[in-house]
Structure formats: C-alpha cells, structure tokens
Amino acid sequence: MMSSDRIKYTARRIALLRGHFIHHDRFEPLEARFSLLIEKRLADCEARQTSEAHGLALSGPSGAGKTSAMVQLMVRSRKWLERSGHEDFSIVSIRVPAPATLKFVGQTLLRALGYQISSERQAWYIWDLVRHHLKERKILFVHLDEAQDLASRGTRHELNSVASMLKTLMTDPEWPVGIILSGTPELEDILNHDPQLARRMDTVHFESLSPVAHGNDVLDLIESYCSKAELEPGPDILELAHGERLIHAAANQFGLVIELILAGIEQAYLAGAPRLTRAHFALAYHLRTSCDDTFNPFIIPDFVRIDARQVFSREKR
C-alpha cells in the first residue's frame, strides 16, 4: 500500500505545479490588448472624462485553457495596478452562476463587491446597487467567466436583456465599466445578436491545437513542467510522436494538454520515479477514462482512431 507521506507529498507538489502558469503564444496578445484597455480607462479617469468603456471577449472550445489564461490575466493586471500607483482602482471577476438569470448574476456580482442583499429584491434594484458599488469601489472592469450561460436559453428576449445590461454598464454616465467576457463559442451569439455591443468589444479566439503545427510546442511544455517538477524527462516523451499523441489525447485542447501533463507527473511522484515516461501518461489516461489499453492513445500505434472525449471505452467481448 502506498504510504500516506508519499500521497501527501504528491498532492502538495501538484498543487504548486497547478499554480505555475507557463506563458504561451496565445496569452501574450491577450495580455497586450487588455493592457491597452486598462491604460485607456485610466487615461479617461485622470482626465475626468466619462467616455463609454470598451471590453474584451475571449471564446474557445471547452478545455482550451481560457479560464487559466483569464485567471492569470486578472492577477497580473491587479498587481500592475498596485505597482504603478493605481491601487485605488480594481477589477472584479466572477463565474456566471446557475441559473444565469440577470437577477442572480447581479446578486453574485454584489457579493464579489463585498455587499450582501436579500434575494427578495427586484432585478432593477439589484443592478442599480451594482452600478453604485462599481463606482464606489472604482472598478475599471468586470470579468464574467462562462459568459455563454448568460443566454443559455437563446431566446431573443433573453439575448436582448443580456446585451442591454452589458451596454448599460459600459455606457454609465457616472462610471462606465469595461466588460470582459470569456466562454465557449456560444458566447459569440450574444455579441453577434447586438452590433452596438459587438463594436464595443475586442475579440480573441483560442483555436484548437493541431498535432502537426503544435507538436514541438507541446514538447517544450513537457520540458518546462519537468524542470519545475524536478523530474528528468524520459527520451520517449521528447519525441515528436509523443507530442502528437498528447495533443490527440487532450482532444486538441491546450488546457487539457496541461491537465494530462500534470496527471502524468502525479503518477511519477506516486511511483517515486526520478523521470517522467510515456508509461506515466498511459496510466494517467487510463485513470481518467477507465479505457482498455486498446483505446489508450499512449499505448497503441494507431492512436488517431481513438475518440479522446469518450470514457469507459472497451473492446466488445
């Protein structure tokens, strides 16, 4: 039986690795565009102008790494505000709650601003309070993650209400607030529904990875994480074929690639191994999916035939 000390050590090391953000080609343009939006808002504030605020929308498939990128972006931006002498200003970030009614979203946003309110209040009253507290707290931007859920039913009335609420915050005559949206491609329906909202937003899309185009980039990721984890990368995981296998196993999504790398490192730690090998990836994939070896992309030669989004895949007997 595995010792509790090894389990505890593994859990702590993996927690540290999860907090280790590796910069990638898609993050830097995202950060640059948001930095410009912040500078514009600060310039308006310094000039005592109330120009309408603009925002940013990030879309991409599930598992593309949007949430991790946005968390890092928010953290870095808040630290920059503090270091640059703008500590009076801030950014607030929430995950769109379920059910994603405008009233519930407003209540969640108020709680993030440090204000509790009775659920008996009507939506218009809640959003009046939201605008008041955004101004009092000098909030420059509101980030809504999983923003596609704002219009989950997709009715015209719902889309109108969501677009109207976002535009109201961005054009508030007393304190305009920039809106940052991140979510799956369904988020694009909200913007495309209202041209006035769309023209106020910069847009960024995280594409899926390609095994041919990004195989070597993934190998660089593995080496970086191995260095941080103090594990030697085995020769079998630094071959281009392994990068292609990993991308396929992650259903071509960047965020899932990171998850599988961490899962492989976890198995190496639990085994007390000094190096990370393909066998650790194979075991990690099995534990995540309960698939037979014949459906494990880290084992079989013809791995492209496997549907990596399926779990419990087995040979029919």
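The values are calculated or read from the model by the stated rules, or taken from the named source; none is laboratory data. Here the structure is a predicted model, which is why all the values come from computation and not from measurement. Cβ coordinates were reconstructed from backbone atoms using ideal geometry, including for glycine residues, and neighbour counts include every protein chain displayed. Heads up: the accessible areas ignore ligands, DNA and RNA and are worked out on the full protein's heavy atoms, side chains in. Shrake-Rupley method; radii C 1.70, N 1.55, O 1.52, S 1.80 Å.
Within this structure, residue 184 fails the test of being open to solvent by 60 Å² or more (accessible area, probe 1.4 Å) and hydroxyl-bearing (Ser, Thr, Tyr).
Within the range 110-119, is even one residue assigned to a loop (DSSP other than H, G, I, E, B), of a type in the set (S, T, N, Q), open to solvent by 70 Å² or more (accessible area, probe 1.4 Å) and more than 18 Å from residue 147 (Cβ to Cβ)? Yes, the conditions are met somewhere in the range 110-119. The single residue among 161, 208 that is of a type in the set (Ser, Thr, Tyr) and over 25 Å from residue 130 (Cα atoms) turns out to be 208. Of the residues making up the range 145-162, at least one is under 25 Å from residue 38 (Cβ atoms) and out of contact with any strand residue (DSSP E or B) (no Cβ under 8 Å at 6 or more places or on another chain). All conditions but one from (1) under 19 Å from the mean Cα position of the chain (by Cα); (2) open to solvent by less than 20 Å² (accessible area, probe 1.4 Å) apply to residue 81; the one that does not is (1). The residue list 53, 98, 69 contains one member that is in contact with a Leu (Cβ under 7 Å, 6 or more places away or on another chain) and either assigned to a helix (DSSP H, G or I) or among the hydrophobic types (A, V, I, L, M, F, W, C) (or both), which is 69. Can you pull out the residues in the range 187-203 that are surrounded by 15 or more Cβ atoms within 10 Å (Cβ to Cβ) and more than 26 Å from residue 71 (Cβ to Cβ)? Listed by number, the residues that qualify are 193, 194.
Report, by residue number, each residue of the range 233-258 that is closer than 18 Å to residue 296 by Cβ and open to solvent by 60 Å² or more (accessible area, probe 1.4 Å). Correct list: 239 only. Condition first: farther than 24 Å from residue 308 by Cβ, touching a residue at least 60 places away in the same chain (Cβ under 8 Å) and surrounded by fewer than 15 Cβ atoms within 10 Å (Cβ to Cβ). Can you find one or more residues in the range 218-232 that meet it? Yes, because at least one residue in the range 218-232 is farther than 24 Å from residue 308 by Cβ, touching a residue at least 60 places away in the same chain (Cβ under 8 Å) and surrounded by fewer than 15 Cβ atoms within 10 Å (Cβ to Cβ). On inspection, residue 121 passes the criterion of being within 26 Å of residue 157 (Cα to Cα) and over 22 Å from the mean Cα position of the chain (by Cα).
Quick grid of which residues meet (1) more than 30 Å from residue 208 (Cα to Cα); (2) touching a Ser or Thr at 6+ places or on another chain (Cβ under 8 Å); (3) at pLDDT below 90; (4) not hydrophobic (A, V, I, L, M, F, W, C):
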| residue | (1), (2), (3), (4) |
| --- | --- |
| 41 | yes, no, no, yes |
| 50 | yes, no, yes, yes |
| 88 | yes, no, no, yes |
| 112 | yes, yes, no, no |
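Among the residues of the range 85-96, those identified as on the phi < 0 side of the Ramachandran plot and open to solvent by 20 Å² or more (accessible area, probe 1.4 Å) are 86, 87, 88, 89, 90, 93, 95.
Among the residues of the range 151-185, those that are in contact with a Leu (Cβ under 7 Å, 6 or more places away or on another chain) and part of a helix (DSSP H, G or I) comprise 151, 161, 162, 163, 165, 166, 167. The set of residues in the range 260-317 being touching a strand residue (DSSP E or B) at 6+ places or on another chain (Cβ under 8 Å) and part of a loop (DSSP other than H, G, I, E, B) consists of 274 alone. Residues in the range 233-247 that are in contact (Cβ under 8 Å) with a residue 24 or more places away in the chain and not in a helix (DSSP H, G or I) were compared, and the one that is nearest to residue 261 (Cα to Cα) is 233. Scanning the range 34-54 for any residue that is surrounded by fewer than 17 Cβ atoms within 10 Å (Cβ to Cβ), more than 14 Å from residue 139 (Cα to Cα) and under 21 Å from the mean Cα position of the chain (by Cα) turns up at least one such residue.
Among the residues of this structure, residue 274 does not count as one that is of a type outside the set (Gly, Ala, Ser) and either open to solvent by less than 50 Å² (accessible area, probe 1.4 Å) or closer than 21 Å to residue 300 by Cα (or both). The set of residues in the range 87-118 that are without any contact (Cβ under 8 Å) to a residue 40 or more places away in the chain, under 19 Å from the mean Cα position of the chain (by Cα) and more than 20 Å from residue 161 (Cβ to Cβ) contains only 112.
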